[in-house]
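For reference, the structure discussed in these notes is given below.
The values are calculated or read from the model by the stated rules, or taken from the named source; none is laboratory data. Since the model is a prediction, treat every value here as computed from it, not as a measurement. Ideal geometry is used to build each Cβ from the backbone, glycine not excepted, and the neighbour counts take in all protein chains shown.
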Amino acid sequence: MADNKSATLRLGDKDIDLPIYSPTAGPDVVDIRKLYAEGGVFTYDPGFTSTASCDSTITFIDGDKGELLHRGYPIDQLAGKSHYLEVCYLLLYGELPTGAELEDFEARVTGHTMLHEQMTFFFRGFRRDAHPMAIMVGVVGAMSAFYHDSTDIADPWQREVASIRLIAKMPTIAAWAYKFWIGQPFIYPRNDLDYAGNFLRMCFAVPAEEYEVNPILSRAMDRIFTLHADHEQNASTSTVRLASSSGANPFACIAAGIACLWGPAHGGANQACLEMLEEIGTVDRIPEFIARAKDRDDPFRLMGFGHRVYKNFDPRATVMKQSADEVLDLLGIDDNPKLQVAKELEKVALADPYFAEKKLFPNVDFYSGIILEAMGFPTSMFTPIFALSRTVGWISQWKEQLDDPEHKIGRPRQLYQGATLRDYVDVEDR
Ligand code: CMC
């Protein structure tokens, strides 16, 4: 890290020099690690709005420019010219693969798509109507009970096998969570299909009929996976890193990431967005919901709008919108009421000064739900699909953290506002 610059913090009559690092892109970073030792104070940054929790070489976001780069490559080029497994390779190993490297990687992933057969009993232990995300959190966490030979994080070979297993098995787990939920037989993976086509087949095929993968839907599915592959230190990725900082095994760490992703402010937003469009129902009710979103006393927010980092536009949303148009066109859908509401809502919100001033615009989740619904997925599958796509990002960040010789257990401090020392009072005296 280049650090010829420094900042001086005056605390009472004491000056503390803090090194400043210049990243290859993005704002400079002030290193405050010695602040407590030298100044006896903590910093306070709930929500990490000004805090870099680690250094990383994987993904860069410029929120003002609406730029998202994976290992330097812009997301629109990757979504347009590459495909998900190639992007997985890029995220995991840092460079685009040669033809031979890609072939080898695809073969390694394909060779791990099946689940341990005893995991079917584990699936069957869930309540019949369990949300697929609940099943995913449980099943992925339980992988550490089925794959003991890849839980030792000190062994690079085991780390590699765990990474490949997670990427390979996540579509099978997500599809089976869906099949269990709708009461259909599990469909086993077919290794002659590509990653996205295989997932579609495992979700939509039934043993009683032939299923042919539609190449345009498979391409759209692959693009959804690619657009969600990584997003630097977001809430779920930070959760994975924090869980991993204690030395937890990879399956437990990824299960923690899935749990965090589930929330409606994060990966759950695509489901929440479609449910919101359903609740709005007809375009004439849009003003009522816009008014609610603007009302400070109403907790309602426009789901699929706004982003912590993007303050201009979400580059993933631009590609996703194009994909939505292609898929809806292919499927001949132009009279879907939710689509009508979505289009009008987008228009009304973008023209409203409230949203312009607060830099709120549609994010990736606003459009992904529309495509996924058109493809036949119920809303409860939207977040599991996000989770399976993001698995490679979580793993890449997890691997990066383990390879960092300086990594420590994550242990934030606090601004304590509670009672100070007091004596216990016996119950009869209270
Ligand atoms: N609708 C209405 N007002 C909003 C919205 C919204 N969707 N998002 C933010 N605001 C307002 C908010 O009320 C606040 O107003 P004020 O300054 O008057 O208090 C201001 O904008 C800033 O909001 P914030 O909560 O401080 O911003 P944040 O950076 O902490 O939150 C967010 C980012 C994504 C959680 C938030 O915009 C949100 O809740 N959006 C809806 C959920 C959503 O679509 N999430 C998906 C994010 S993209 C997928 C992913 O990466 O996970």
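Before moving on, here are some points about what is shown:
- For segment 348-387, the candidate set comprises residues that are aromatic (Phe, Trp, Tyr) and crowded, with 24+ Cβ neighbours inside 10 Å; within that set, the residue that is nearest to residue 141 (Cα to Cα) is 386.
- Residue check, residue 326 more than 16 Å from the ligand (Cβ to nearest atom), buried (at least 20 other Cβ atoms within 10 Å of the Cβ), under 27 Å from residue 390 (Cβ atoms) and touching a residue at least 24 places away in the same chain (Cβ under 8 Å): no
- Taking the criterion of being in contact with a helix residue (DSSP H, G or I) (Cβ under 9 Å, 6 or more places away or on another chain), hydroxyl-bearing (Ser, Thr, Tyr) and assigned to a loop (DSSP other than H, G, I, E, B), no residue of segment 379-430 qualifies.
Residues are listed down the side, and each one gets a yes or a no for (1) over 24 Å from the mean Cα position of the chain (by Cα); (2) hydrophobic (A, V, I, L, M, F, W, C); (3) outside any loop (DSSP other than H, G, I, E, B); (4) surrounded by fewer than 20 Cβ atoms within 10 Å (Cβ to Cβ):
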{"site": "192", "(1), (2), (3), (4)": "yes, no, no, yes"}
{"site": "197", "(1), (2), (3), (4)": "no, no, yes, no"}
{"site": "203", "(1), (2), (3), (4)": "no, yes, yes, no"}
{"site": "212", "(1), (2), (3), (4)": "yes, no, no, yes"}
{"site": "217", "(1), (2), (3), (4)": "no, yes, yes, no"}
{"site": "220", "(1), (2), (3), (4)": "no, yes, yes, no"}
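- Matching residues, segment 36-78, being surrounded by fewer than 17 Cβ atoms within 10 Å (Cβ to Cβ) and aromatic (Phe, Trp, Tyr): 36, 42, 44, 48, 73
- Qualifying positions in segment 235-251 - touching a Ser or Thr at 6+ places or on another chain (Cβ under 8 Å) and buried (at least 20 other Cβ atoms within 10 Å of the Cβ): 241, 249, 250, 251
- Taking residues in segment 388-400 that are farther than 15 Å from residue 248 by Cα and crowded, with 24+ Cβ neighbours inside 10 Å, and partners anywhere that are charged (D, E, K, R) and at pLDDT below 95, not one pair has Cβ atoms closer than 8 Å while being at least 6 places apart or on different chains.
- Looking only at segment 357-380, and only at residues there that are touching a Leu at 6+ places or on another chain (Cβ under 8 Å) and of a type in the set (S, T, N, Q), the one that is farthest from the ligand (Cβ to nearest atom): 379
- Positions within segment 339-372 being acidic (Asp, Glu), under 25 Å from the mean Cα position of the chain (by Cα) and modelled with pLDDT of 90 or more, in sequence order: 346
- Residue in segment 35-57 that is among the β-branched types (Val, Ile, Thr), touching a residue at least 40 places away in the same chain (Cβ under 8 Å) and touching a helix residue (DSSP H, G or I) at 6+ places or on another chain (Cβ under 6 Å) present: no
- Total residues in segment 288-321 satisfying the condition of being modelled with pLDDT under 95, surrounded by fewer than 16 Cβ atoms within 10 Å (Cβ to Cβ) and away from the ligand (no atom under 13 Å from the Cβ): the figure is 1.
- Taking segment 371-425 as the range and being closer than 19 Å to residue 239 by Cβ and polar (S, T, N, Q) as the test, the residues that pass are 383, 389, 391, 396, 397, 401, 414.
- Residue that is nearest to the chain's Cα centre (by Cα), among those in segment 240-287 that are of a type in the set (S, T, N, Q) and within 12 Å of the ligand (Cβ to nearest atom): 270
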